[in-house]
Amino acid sequence: MLRTLLGELPRQNEGVLEEAIESMVETLGLLQRQLDLNQDPTHDYRKLYVWTQGLISSLDELEQACFAASHFRQKVRAGSTDDMTIEEKAEYARYVYFYKDGFIRCFAILDKTGTVLNEIFNLNTSNVKSHFSYFTVLRQFGYAKMHNDLAVELIKIKDAYREPMSKLRKRRNMEIHYMNSEMQDDLWQLHQTLQGKVKLEDLDQHLEEMRQGVDMVCETLKAAYGYINRMWHKQGMSELAK
């Protein structure tokens, strides 16, 4: 959608993004087959179907946000907002909007993935923490001593992206939990400069970290849903959580 609005061709899925989506689409097929077989009187499979559809849409929106942030970043030339034209300030504001949207979505998708994993594998994470995150669910695999192969793979992915995800999480927390965080940062920078100009952050570095965040989310979804699919093919859907 955003590519069309920005005059670009539609995205062609490839790489780990394509693999993640294909894994989830395969899960939808397995769930639909189960729905056709027994009509799902408890609505358990229907719920997982809707959640998985939502994750596919959320991943698409995350990738679009990353693309749009990169698109508008290319139109920002000045090193300070004070040196920008009115038009450039508008482009910078659009970059900031989609950049923030992107890193917030990264963690939202991970948390939704955690909800799916908690449900399918009966991890009972809510007994540990009522409002749990993906990372709480990941720790719960160890406490529950189950599905170790999946847990090891997900932890390996988490560790591989530790540095960029730590930076994105800090920005997400500041954006969501702290009042006027951008204003405080601007004031601090004003104290550091003799000319009173606020130097822009490293936009390219921030975008690269967000791209790595998108890759981490894709790798996580690919691993999680790939494991679910293999288990359902091997043991049958009713046997998965045993």
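The values are calculated or read from the model by the stated rules, or taken from the named source; none is laboratory data. Since this is a predicted model, take the numbers as computed values, not measurements. Here the Cβ positions follow ideal geometry from the backbone for every residue, glycine too, while neighbour counts run over all protein chains shown. These area figures cover heavy atoms from the full protein model, side chains too; ligands, DNA and RNA do not enter into them. Shrake-Rupley method; radii C 1.70, N 1.55, O 1.52, S 1.80 Å.
Per residue, the chain reaches -25500 deg cm²/dmol at 222 nm when only DSSP H runs of four or more residues are counted, each adding -39500 (n - 2.57). Strictly over 22 Å apart at the Cα level, which of Lys75/Lys112; Lys75/Lys100; Lys145/Lys170; Lys75/Lys170; Lys158/Lys222; Lys47/Lys145 would you flag in this model? Check vs 22 Å cut-off fails for Lys75/Lys112; Lys145/Lys170; Lys75/Lys170; Lys47/Lys145. With contacts taken as Cα pairs under 8 Å at a separation of at least 6 residues, the chain carries a relative contact order of 28 percent. What shape does the range 1-71 have by the C-alpha gyration tensor, where a ≥ b ≥ c are the square roots of the eigenvalues, rounded means a/c under 1.5, and otherwise prolate means a/b greater than b/c and oblate the rest? It comes out prolate by the Cα gyration axes.
Each Lys and Arg Cβ is given +1 and each Asp and Glu Cβ -1; about its Cα centre, the chain then shows a dipole of about 680 debye. Positive-end ranking of Thr85, Val152, Pro164 along the dipole of the range 69-165, with charges on Cβ about the Cα centre, is headed by Val152.
Computed with a 1.4 Å probe on the full set of protein chains, the accessible area for Leu150 sits at about 0 Å². The base-10 log of I(q)/I(0) for the chain, evaluated at q = 0.13, 0.15, 0.18 Å⁻¹, reads -0.86, -1.06, -1.37 [Debye formula, identical scatterers on Cα atoms, solvent excluded]. Here Arg172 sits with roughly 50 square angstrom of accessible surface, probe radius 1.4 Å.
Kirkwood hydrodynamic radius, computed over distinct alpha-carbon pairs, for the range 94-168: how many Å, to one decimal? Numbers along the way, then the final one.
Details: mean 1/r = 0.0750 Å⁻¹.
This gives a value of 13.3 Å.
So, counting K/R as plus one and D/E as minus one, what does the shell of residues with Cβ under 11 Å around Ile109 add up to? Neighbourhood net charge equals -2. The Rg/Rh ratio for the range 1-123, using Cα coordinates for both the radius of gyration and the Kirkwood hydrodynamic radius, is 1.14.
Relative to the longest principal axis of the Cα atoms of the chain, the long axis of helix 162-177 makes an angle of roughly 70 degrees.
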